[in-house]
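Trainee: One structure, pasted below without further comment.
Nothing in this text is a laboratory measurement; each read-out follows from the coordinates by a stated rule. As the structure is a prediction and not an experimental result, all values here were calculated from the model. Please note: Cβ atoms are built from the backbone with ideal geometry, for glycine as well, and neighbour counts cover all protein chains shown.
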Amino acid sequence: MAKTVNKTKTVYVCSECGNENPKWAGQCPACGAWNSFFEQIVEPDKPVTLTTKADPMKRAVPKRLREITAESELRQTTGISELDRVLGGGIVKGSLILVSGEPGIGKSTILLQMCMKMRDLRILYVSGEESPRQIKLRADRVGEYPENLFILSETDISAVVERTQEAAPDILVVDSIQTMYRQDMTSAPGSVPQVRECTSELMRIAKSMEIPTFVVSHVNKEGAIAGPKVMEHMVDAVLYFEGERSSDHRILRAIKNRFGSTNEIGVFEMTEEGLKEIPNPSELFLLDKPENVSGIATLCVMEGTRPIIAEVQTLVSKTPFPSPRRTAVGFDYQRLNLILAVLERRCGLFFGASDVYVNVIGGLRLDEPAADLGVAMAIISAAKDFVLPEKTILIGEIGLAGELRAVSGIEKRLHEAASLGFTRAVIPARNRPKGSFPLEVIPAYSIKDVLNKI
Ligand SMILES: Nc1ncnc2c1ncn2[C@@H]1O[C@H](COP(=O)(O)OP(=O)(O)OP(=O)(O)O)[C@@H](O)[C@H]1O
Ligand SMILES: [Mg+2]
Ligand SMILES: [Zn+2]
């Protein structure tokens with residue numbers, strides 16, 4: 001008897017990462033997300049029809065590496081230098097760039113502002129979320145209309161592809177991928193298969209027509225809406241927009257970038273006129289710094305090529321719980337535990353009966369070991385209830401022996417600190433910065449040494 005072929009079957013798909021499972025599970029084994037599995041009916045395979053007419057992958061012929069012109073790597077500036085910085089110096093021809101972030105954070109705003117700044121280019125801005133009227137209202141707030149910015153309200157991806165082929169714009173923006181759909185697929189817009197297919201349609205158009213394409217993706221909180229992880233591996237760059245509800249500043253960072261570093265951040269402030277660039281973020285992060293309070297330290301981290309001064313606040317308090325709590329916002333939790341262990345073993349402090357809270361001001365995330373010394377000193381200051389000296393910056397990585405290890409880019413950090421009015425800097429003794437600096441440089445070998453010297 002012939003096997004039944006044309007039968008639909010059910011699989012469970014993780015809306016966070018697109019992982020497929022034959023059975024439902026509470027936690028995704030691939031990405032660790034909870035309650036992210038959604039039922040999906042799989043239709044029997046149909047021959048796939050591509051929306052884009054010619055598939056360049058099929059016609060491509062091998063070329064000698066040295067015969068390939070690198071001219072296509074010329075970067076187009078976006079007119080927003082903080083955005084250029086995160087992109088690695090501007091937009092690369094034919095690249096597909098994902099812009100993601102929480103609802104209302106400013107994804108549409110920054111892209112519209114970018115479109116309005118690139119006045120010499122033909123731009124097609126496709127919105128599946130907002131009417132042209134709504135977009136116009138936003139445009140009224142953020143800038144002056146350029147001549148060649150076209151708005152298209154559309155959710156059918158084949159229509160988007162067709163219009164793009166007709167208009168041949170210099171830049172394409174699609175807001176958002178979750179509203180796009182392919183008519184010949186049964187699953188709902190925003191589902192994992194739709195998002196995947198629509199992204200690859202956009203990738204084809206970006207690569208074959210060499211049109212840089214920006215795609216907005218929502219971060220899904222719940223429901224069967226596919227999250228940005230599903231697309232991350234397909235695109236050239238992933239930009240993530242973040243910030244706190246309570247404050248107006250926003251940080252744009254590259255999580256992935258095939259054409260640049262992922263260390264750079266762009267800092268903005270959300271205003272009525274849209275996003276304003278903050279070229280000197282240190283000033284912003286130092287605003288409202290409380291004085292004469294224990295548990296507070298200033299430090300300097302490198303975000304890519306740029307030094308940024310940050311403030312860290314800590315609280316050490318007697319715990320009412322059998323096992324003490326450690327909380328770290330903007331700082332790695334494991335790193336905090338390591339620092340606490342070093343302070344216990346090398347400095348004779350005891351945290352077994354204390355809760356320890358660490359908070360980095362301004363939504364900044366300190367991923368760099370050079371932040372260790374600042375965090376450690378803030379904790380000691382909180383535990384012993386003394387105020388750290390004013391206008392002093394703390395730089396250094398802490399080793400397990402309590403030693404201060406050298407950090408990169410020390411000169412840049414010292415210049416940044418001096419330019420913001422700091423008068424003293426504690427740095428690892430091994431660093432030996434070249435040149436002279438308009439502030440007192442205090443080299444130290446270990447945390448104990450720092451305690452003696454400041
Ligand atoms: N008139 C206004 N004055 C000041 N800020 C405004 C004004 N209107 C909107 N905003 C700011 O813009 C934000 C919305 O920006 P935007 O629509 O670009 O976000 P989004 O990330 O695209 O959101 P969504 O996920 O809903 O598409 C609001 O949260 C608010 O902070
Ligand atoms: Mg939007
Ligand atoms: Zn998953």
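Trainee: Between Val61 and Lys412, what is the FRET efficiency for a Förster distance of 56 Å, r being their Cβ-Cβ separation, to the nearest 0.05?
Mentor: Approximately 0.75, to the nearest 0.05.
Trainee: Follow-up. Compute the long axis of helix 107-117 from its Cα atoms, compare it with the longest principal axis of the Cα atoms of the chain, and write down the angle in degrees, 0 to 90, nearest 10.
Mentor: In the chain, helix 107-117 runs at an angle near 80 degrees to the longest axis.
Trainee: Given Met116, Phe259, Gly90, which one lies farthest toward the positive end of the charge dipole of the chain, if we put +1 on the Cβ of every Lys and Arg and -1 on the Cβ of every Asp and Glu?
Mentor: Of Met116, Phe259, Gly90, it is Phe259.
Trainee: Here's a follow-up. Could you give the length gained by full extension between Lys453 and Val11, i.e. 0.36 nm per residue of separation minus their alpha carbon distance, to one decimal place? Please report the intermediate quantities before stating the final value.
Mentor: Numbers: separation 442, 0.36 × 442 = 159.12 nm, distance 6.34 nm.
Additional length available on full extension: 152.8 nm.
Trainee: A further question on this structure: Determine Rg/Rh for the chain; Rg is computed over alpha-carbon atoms and Rh is the Kirkwood hydrodynamic estimate from the same atoms. Walk me through the numbers before you get to the answer.
Mentor: Values: Rg = 25.8 Å, Rh = 24.8 Å.
My calculation of the ratio gives 1.04.
Trainee: Per-residue ellipticity at 222 nm for the chain, helices alone: DSSP H runs ≥ 4 residues times -39500 (n - 2.57), over residue total, nearest 500 deg cm²/dmol?
Mentor: Numbers: 12 runs with 117 residues, N = 454.
Counting only the DSSP helices, I get -7500 deg cm²/dmol.
Trainee: How much length is gained on full extension from Glu147 to Leu338, taking 0.36 nm per residue of separation minus their Cα-Cα distance? Display every interim value, and only then the final one.
Mentor: Details: separation 191, 0.36 × 191 = 68.76 nm, distance 5.67 nm.
Separation in residues times 0.36 nm, less the Cα-Cα distance, equals 63.1 nm.
Trainee: Under a plain spin-label model, where a point goes 7 Å from the Cα along Cα-to-Cβ, how far apart in nm are Met185 and Ser200?
Mentor: Roughly 0.9 nm, to one decimal.
Trainee: Follow-up question, since we're still on this one. Once you order the gyration tensor axes a ≥ b ≥ c over the Cα atoms, which shape class does segment 75-279 get: rounded for a/c under 1.5, otherwise prolate or oblate by comparing a/b with b/c? All intermediate terms of the calculation are to be shown ahead of the outcome.
Mentor: Details: a/c = 1.33, a/b = 1.21, b/c = 1.10.
It comes out rounded by the Cα gyration axes.
Trainee: Note the angle between two axes, namely the Cα long axis of helix 410-419 and the longest principal axis of the Cα atoms of the chain, as a number of degrees from 0 to 90, rounded to the nearest 10.
Mentor: Between the helix axis and the principal axis of the chain, the angle is about 80 degrees.
Trainee: Fully extended, how many nm does the chain gain between Arg345 and Ser323 (0.36 nm per residue separation, minus their Cα-Cα distance)? Please report the intermediate quantities before stating the final value.
Mentor: Values: separation 22, 0.36 × 22 = 7.92 nm, distance 1.91 nm.
Stretched out fully, the Arg345 to Ser323 stretch lengthens by 6.0 nm.
Trainee: Roughly speaking, what is the centre-to-centre gap between segment 388-429 and segment 126-160 when only Cα atoms are used, to the nearest Å?
Mentor: 47 Å
Trainee: Using a 4.7 Å Cβ cut-off, which Cys residues in the chain lack a partner cysteine?
Mentor: Cys115, Cys198, Cys300, Cys347
Trainee: Still on this structure, please answer the following. Just to confirm the number: angle between the C-alpha axis of helix 132-142 and the first principal axis of the chain, 0 to 90 degrees, nearest 10?
Mentor: Roughly 30 degrees, rounded to the nearest 10.
Trainee: Compare the peptides 29-41, 330-342 by average per-residue count of other Cβ atoms within 10 angstrom and give them in order, highest first.
Mentor: On the way: 29-41: 14.6, 330-342: 17.3.
Descending mean neighbour count gives 330-342, 29-41.
Trainee: So, in nm, how far is label Asn21 from label Glu166 when the simple model puts each one 7 Å beyond its Cα toward the Cβ?
Mentor: About 4.5 nm separates the two model spin labels.
Trainee: Follow-up. About its Cα centre, how strong a charge dipole does the chain have in debye, to the nearest 20, once Lys and Arg get +1 and Asp and Glu get -1 at the Cβ? Please report the intermediate quantities before stating the final value.
Mentor: Values: 55 positive and 58 negative charges, 272 e Å.
That gives a dipole near 1300 debye.
Trainee: Right, next: Just want the answer: with Cβ charges of +1 for Lys and Arg and -1 for Asp and Glu, which residue in Ser294, Ser408, Ile393 is farthest toward the dipole's positive end in the chain?
Mentor: Most positive-ward Cα: Ser408.
Trainee: I'd like the distance separating the alpha-carbon centroids of segment 62-102 and segment 344-371, in whole Å.
Mentor: Distance between centres, Cα-based: 38 Å.
Trainee: Now a separate question. Which order do the peptides 293-305, 140-152 take when ranked by the mean count of other beta-carbon atoms within 10 Å per residue, highest first? Don't jump to the answer; show the numbers that get you there.
Mentor: Working: 293-305: 21.0, 140-152: 14.6.
Top to bottom by mean Cβ count within 10 Å: 293-305, 140-152.
Trainee: Okay, next question. Does segment 186-277 come out rounded, prolate or oblate, given a ≥ b ≥ c as the square roots of the eigenvalues of its C-alpha gyration tensor, rounded meaning a/c under 1.5 and, failing that, prolate meaning a/b above b/c?
Mentor: Numbers: a/c = 2.12, a/b = 1.38, b/c = 1.54.
Taking the square roots of the gyration eigenvalues as a ≥ b ≥ c, segment 186-277 is oblate.
Trainee: Sort 374-383, 276-285 by packing, meaning the average of other beta carbons within 10 Å per residue, with the highest value first. Mind showing how you got there, number by number?
Mentor: Values: 374-383: 24.5, 276-285: 17.3.
Packing order, densest peptide first, comes out as 374-383, 276-285.
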